[in-house]
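Okay, structure first, notes after.
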Amino acid sequence: MTKKRNPIENFLQSVCRFVSTEERAKDIRDELKDHIDSYIDEYTTDGMTIEDATSNALRQMGDPDTLSSNFKDNISGNKRLFVVGLIVSCMVIFLSINIYGYMNNIYAFSDIFICMIFLICYIPFLITLIKTYRKDIKLAKENPIFYIQSYKESAWYENILKPFKWLFIISFLLNIIVYFTELNTIPKNKILYETLETVPLLTMYLIMIIIFSCLSPKVQNNIVYPDGILTFQSFIPWNNIAGYRWVKQHSKNKVVYSIELKFKKNSSSNSFKVSSYSQFIKVSSYQMNLVDEIFKLNDIEHRQFF
């Protein structure tokens with residue numbers, strides 16, 4: 001059985017190369033593996049050797065490139081435009097209310113100034129998403145090499161972001177509850193003032209919730225192209241990567257892996273993250289050898305430590 005494992009694994013990996021999650025890839029692999037084993041049992045019963053039976057079984061399964069197209073996940077770049085549109089809408093509401101409040105002597109100039117600083121902080125994030133969307137359109141004309149399969153378990157860096165995300169979600173909900181609870185007790189001439197105080201705060205919380213949701217790799221689809229890796233937030237050319245290392249951790253009694261990319265100091269890959277000098281991507285354990293091969297092919301050094 002050892003002799004037939006490599007060609008079978010290569011076949012299954014080729015079929016699942018356009019599947020974006022480890023869980024779906026495993027279901028497909030298990031189903032196809034059952035069919036392959038059935039064919040092998042039939043051929044060996046007829047007197048074939050394991051090697052010949054394996055070759056015939058894989059031939060019987062069909063062309064892996066054709067099968068990979070059938071199982072290909074549909075990844076749309078329009079999600080970036082949706083996020084940009086949502087954040088811009090929140091920013092317009094936030095700015096409009098502050099300007100209205102200032103013109104009606106509800107807000108001071110300092111409030112408008114703080115509002116502008118708050119909005120300016122999000123412009124780099126929006127510009128990066130728009131640039132990535134435009135790059136995605138150009139790359140759509142090319143054939144990707146494979147999708148990097150993620151998994152549902154949370155990595156350590158996701159666990160760091162999660163409390164902040166939930167803090168904003170809870171704050172958002174509490175402010176809505178408090179506003180509608182006190183609405184009946186507020187004098188009519190004070191309702192406008194309270195609304196102008198509450199809505200900007202809600203839009204600020206909503207923007208932060210959207211951004212933290214985008215930063216979570218669970219919503220990201222990472223696609224490997226001949227020229228680099230397309231993530232949700234940026235395109236990373238191979239020549240911008242100085243090296244990479246594997247990060248291993250235990251999550252829910254399961255060993256999971258992430259790859260840390262170390263960027264060159266003059267790298268132009270500036271996605272909106274804590275450090276523009278490195279980035280983590282979750283990778284299925286089934287794809288570790290495949291990822292190693294593509295990095296080796298592009299002369300990127302594998303390191304144990306940074």
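Quick check on my filter: what residues within region 144-160 are part of a loop (DSSP other than H, G, I, E, B), modelled with pLDDT of 90 or more and out of contact with any Ser or Thr (no Cβ under 7 Å at 6 or more places or on another chain)?
Of everything in region 144-160, those that are part of a loop (DSSP other than H, G, I, E, B), modelled with pLDDT of 90 or more and out of contact with any Ser or Thr (no Cβ under 7 Å at 6 or more places or on another chain) turn out to be Pro144, Ile145.
Might you let me know whether region 82-95 holds any residue that is within 24 Å of Ile281 (Cα to Cα), in a helix (DSSP H, G or I), in contact (Cβ under 8 Å) with a residue 12 or more places away in the chain and not assigned by TED's automatic domain parsing to the domain that holds Val283?
The first filter runs over region 82-95 and keeps only residues within 24 Å of Ile281 (Cα to Cα), leaving 82-84.
Add one more test, that the residue is in a helix (DSSP H, G or I), and what stays is 82-84.
So of that shortlist, the ones also in contact (Cβ under 8 Å) with a residue 12 or more places away in the chain come out as 83-84.
Subset that is not assigned by TED's automatic domain parsing to the domain that holds Val283: 83-84.
Yes, that holds for at least one residue.
Residues to consider are Asn70, Asn104; find the one that is out of contact with any Phe, Trp or Tyr (no Cβ under 9 Å at 6 or more places or on another chain), surrounded by fewer than 16 Cβ atoms within 10 Å (Cβ to Cβ), modelled with pLDDT under 90 and of a type outside the set (Ser, Thr, Tyr).
Asn104
Report yes if some residue within region 56-75 is without any contact (Cβ under 8 Å) to a residue 40 or more places away in the chain and under 21 Å from Asp136 (Cβ atoms); otherwise report no. Spell out the reasoning first.
First pass over region 56-75, keeping only residues without any contact (Cβ under 8 Å) to a residue 40 or more places away in the chain: 56-57, 59-60, 62-63, 66, 70, 74.
Applying the additional criterion that residues be under 21 Å from Asp136 (Cβ atoms) yields 74.
Yes, region 56-75 has at least one match.
Which condition breaks for Thr231 when tested against (1) touching a Ser or Thr at 6+ places or on another chain (Cβ under 9 Å); (2) of a type outside the set (Lys, Arg); (3) surrounded by fewer than 17 Cβ atoms within 10 Å (Cβ to Cβ)?
(3)
Tally time: how many residues in region 264-306 are of a type in the set (S, T, N, Q), modelled with pLDDT under 90 and either on the phi > 0 side of the Ramachandran plot or over 22 Å from the mean Cα position of the chain (by Cα) (or both)?
Total meeting the criteria: 2.
Suppose the filter is touching a residue at least 40 places away in the same chain (Cβ under 8 Å) and over 26 Å from His250 (Cβ atoms); does Ile130 pass it? Reasoning before the result, please.
On the way: touching a residue at least 40 places away in the same chain (Cβ under 8 Å): yes; over 26 Å from His250 (Cβ atoms): yes.
Yes, satisfied.
Within region 165-172, does at least one residue satisfy the condition of being modelled with pLDDT of 85 or more and of a type in the set (D, E, K, R)?
Of all residues in region 165-172, those modelled with pLDDT of 85 or more come to 165-172.
Subset that is of a type in the set (D, E, K, R): 165.
Yes, there is a match, as at least one residue in region 165-172 is modelled with pLDDT of 85 or more and of a type in the set (D, E, K, R).
Tally time: how many residues in region 28-38 are surrounded by 14 or more Cβ atoms within 10 Å (Cβ to Cβ) and either charged (D, E, K, R) or farther than 19 Å from Gln13 by Cα (or both)?
Count: 3.
Going by the structure shown, is Lys79 part of a helix (DSSP H, G or I), closer than 30 Å to Phe212 by Cα and under 21 Å from the mean Cα position of the chain (by Cα)?
Yes, satisfied.
If you scan region 79-106, which residues turn out to be more than 11 Å from Leu126 (Cα to Cα) and of a type in the set (Gly, Ala, Ser)?
Ser89, Ser96, Gly101
The values are calculated or read from the model by the stated rules, or taken from the named source; none is laboratory data. Nothing here was measured: the structure is a model prediction, and the numbers come from that model. Neighbour counts run over all protein chains shown; Cβ positions are idealised from the backbone, glycine included.
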